1. Within segment 111-132, which residues are among the hydrophobic types (A, V, I, L, M, F, W, C), surrounded by 22 or more Cβ atoms within 10 Å (Cβ to Cβ) and either farther than 20 Å from V225 by Cα or within 28 Å of the chain's Cα centre (by Cα) (or both)?
2. Any residue in segment 90-107 that is at pLDDT 95 or above, buried (at least 22 other Cβ atoms within 10 Å of the Cβ), assigned by TED's automatic domain parsing to the domain that holds G48 and in a loop (DSSP other than H, G, I, E, B)?
3. Mind telling me which of the residues I151, I200, I221 ends up being among the hydrophobic types (A, V, I, L, M, F, W, C) and closer than 25 Å to G57 by Cβ?
4. Does D320 count as at pLDDT 85 or above and not aliphatic (A, V, I, L, M)?
5. Which condition does R194 not pass, out of (1) assigned to a helix (DSSP H, G or I); (2) surrounded by fewer than 19 Cβ atoms within 10 Å (Cβ to Cβ); (3) at pLDDT below 85, if it passes all the others?
6. Among (1) at pLDDT 95 or above; (2) in a helix (DSSP H, G or I), there is one condition A62 misses while meeting the rest; what is its number?
7. Tally time: how many residues in segment 178-191 are part of a loop (DSSP other than H, G, I, E, B) and within 20 Å of L322 (Cβ to Cβ)?
8. Looking for something assigned by TED's automatic domain parsing to the domain that holds T155 and more than 24 Å from C161 (Cβ to Cβ) - is there at least one such residue anywhere in segment 121-132?
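The values are calculated or read from the model by the stated rules, or taken from the named source; none is laboratory data. Every value quoted in this text rests on a predicted model; they were computed, and no experiment measured them. Please note: Cβ atoms are built from the backbone with ideal geometry, for glycine as well, and neighbour counts cover all protein chains shown.
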Amino acid sequence: MINIKRSTAALLGLMAAVPLLGIQPANAAEPTRTSEAPRVELVLDVSGSMRARDIGGRSRIAVAQAAFNEVVDALPETTELGIRVLGATYPGDDPAIGCRDTQQIVPVGPVDKPAAKAAVADLRPTGYTPVGLALREAAKDLGTGDTTRRIVLITDGEDTCAPPDPCEVARELAAQGTHLVVDTLGLAPDDKVRNQLVCIASATGGTYTAAESAEDLTDRIKQLVDRAGDTYTQAPALVAGGEECAKAPLLGPGVYTDRESFSEHRWYRVPVRTGEELRASVSVSLDRPVSRDYGVLLRATATDGRELVRGTDAGSGRTDVLSAGLRWSGAEEEALEETVGASPSPTASAEPLTTVCLVVSNSFAPAAGTRTTPGMPVELTIDVVEAAPTPDGPDLGRGWVLLLLLTVAGLVTGLVSGLLTRWWVATWRENR
């Protein structure tokens, strides 16, 4: 039980790296949380099409405004929220002006709830739909930082102002390693709108939802705002995998981000002592259309190429991310041909140190017309913990003691019940 608790604590904390026999692996930053508050910006389409009255007899803008009011009222105190609109001010026909029509009406920060609700209540459907420009400006509104930031885009139509194309903007933001997630909510059952919103969300690891009622819209926005707190974690450290194990970066426990080309193998090295267990997982975000029958594979090998273990599908439940994970204990192989030969420090363990090679492979193939650069976004999680002991055999252990106690308790209970029953019957007969 102690070993399990230690392992769990180490995994949740993404252990800061320790010097291993004189070798200092690359590591993700030590804290899993920083002093930054979760940051979210809601981006609302206020273009002319939002006048349509097709959601329970109410206009799309009225439903969105009501949803915003409920979200603002339920906003967690620790969350910093901003609101940006598009197509809200220019009623004319000049696209050169209408396609620049996006403004931030509530700055990202602690929210003055009455002021925020008043700003949203004054909105009237007006102009064009510059989604791409609004996303780019929203990313600037959220600024930079160490933690995940979220944009929630609510719209009923596809971009009418490209360029910039909103899908390309989303890929551009993802390629910058800004750790920004865009979730999209569609208010119109239109295939073109859906395809564009799915593309935007997929490029950044976000989600797409079709809101068919006022309740759907309100509930989903609340979930996404709350999720900003749930995913409030330290941003992964940037790392570049090698073409072979010998040229791969040496990594310690932490979370890392990389890019992998189509059908590529990417290598990383992790030091593991005898008596320790390596736990690793990888997720690849599908930020562009790919051909069918694809997959992701994670393997651990020795430095001479011998395979130690092959990962299994993690089953994240999301259609825009593929994941795999593996576990390998240094006790599973007493000694590999190559160990790190540096002299141990006075405080270092005397156990031999093994270099394990992690290989991330994919069988993606680009769909027709799909860009092949930059590579697919990859997130790699690594942890090294004390290995859990393997039981000698399938026995009950202390369960035998419990079974014996239950048996004795049953016998005593039966005996006492029988005596009480006999006494009650005898007393009843005497009193008749």
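1. V131
2. Looking for residues that are at pLDDT 95 or above, buried (at least 22 other Cβ atoms within 10 Å of the Cβ), assigned by TED's automatic domain parsing to the domain that holds G48 and in a loop (DSSP other than H, G, I, E, B), one finds at least one in segment 90-107, hence yes.
3. Numbers: I151 fails: closer than 25 Å to G57 by Cβ; I200 fails: closer than 25 Å to G57 by Cβ.
Residue meeting the stated conditions: I221.
4. Details: at pLDDT 85 or above: no; not aliphatic (A, V, I, L, M): yes.
The answer is no for D320.
5. It fails just one condition, (3).
6. Failing condition for A62: (1).
7. Step one: of segment 178-191, the residues part of a loop (DSSP other than H, G, I, E, B) are 178-179, 187-190.
When the remaining residues are screened for being within 20 Å of L322 (Cβ to Cβ), the result is 179.
Qualifying residue count, segment 178-191: 1.
8. From segment 121-132, those assigned by TED's automatic domain parsing to the domain that holds T155 are 121-132; that's our starting set.
Filter once more, so that each one left must be more than 24 Å from C161 (Cβ to Cβ): 121.
Yes.
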